[in-house]
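Taking it in order: structure first as structure tokens, then the write-up.
The values are calculated or read from the model by the stated rules, or taken from the named source; none is laboratory data. Treat the numbers as computed from the prediction; the structure is a model and nothing was measured. Cβ placement follows ideal geometry from the backbone for every residue including glycine, while neighbour counts extend to all protein chains displayed. For accessibility, only protein heavy atoms count, side chains too; no ligands or nucleic acids. Shrake-Rupley method; radii C 1.70, N 1.55, O 1.52, S 1.80 Å.
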Amino acid sequence: ASNVVVGSGTSADLLWRDCILNNLAQIGDYVLLCKESLVGILSLIFIRRDLKDRISCINADIVKTGLSGTLGNKGGIVIRFNVDESTVCFINCHLEAGNKQNEIRLNNATDIHQKAFHQTGTLSTKQEEKVLNADYTFFYGDLNFRLTCINEDVRGILDRYHGFLAEGNTKEAEHMFG
């Protein structure tokens, strides 16, 4: 979290932006498409400059889930945009911590998906603006889920999963986790 490393606010956001842009400059010409922050979460979306004209409908929203949706210590940043005819959505979350909080974490994740772009003062509630209607969705962040398996067991499961994918057996891979 950027607020832990260098404080919170605009100056910390600028430090992260500049650091990332300087590193991206080593591999190409990138520009910042969108920036949004919520307490300890910072989302910076960069694109190659030559793709800029192909991007449209850039929207960002914040969903607070801390203290019954009133505090931003937990929640998510949702950024969605179109690349040509495809919709891309990034959801950066900080969910409830604790070994016994799985139900709360799952409810928070559901709230973020359902409330993004649908709260008072944000975007309208048109069907095409819903998070679940994106063509590509990336859900990431400090999700705080805990694995209760032994490390070797988890690695064995993942090896089996990757084996099914390598063989082209996507149905068997899907059944492992669904």
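The figures follow:
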| read-out | value |
| --- | --- |
| Of all residues making up region 138-178, the number that are under 21 Å from the mean Cα position of the chain (by Cα) and either modelled with pLDDT of 80 or more or not in a helix (DSSP H, G or I) (or both) | 10 |
| Hey, Thr170 of a type in the set (S, T, N, Q) and surrounded by 10 or more Cβ atoms within 10 Å (Cβ to Cβ) or not | yes |
| Residue that is most open to solvent (accessible area, probe 1.4 Å) [pool: residues in region 76-133 that are among the aromatic types (Phe, Trp, Tyr) and at pLDDT 85 or above] | Phe90 |
| Residues within region 24-59 that are open to solvent by 70 Å² or more (accessible area, probe 1.4 Å), in contact (Cβ under 8 Å) with a residue 24 or more places away in the chain and within 17 Å of the chain's Cα centre (by Cα), tallied | 2 |
| Ile62 vs. criteria closer than 17 Å to Ala109 by Cα and either part of a strand (DSSP E or B) or open to solvent by less than 20 Å² (accessible area, probe 1.4 Å) (or both) | yes |
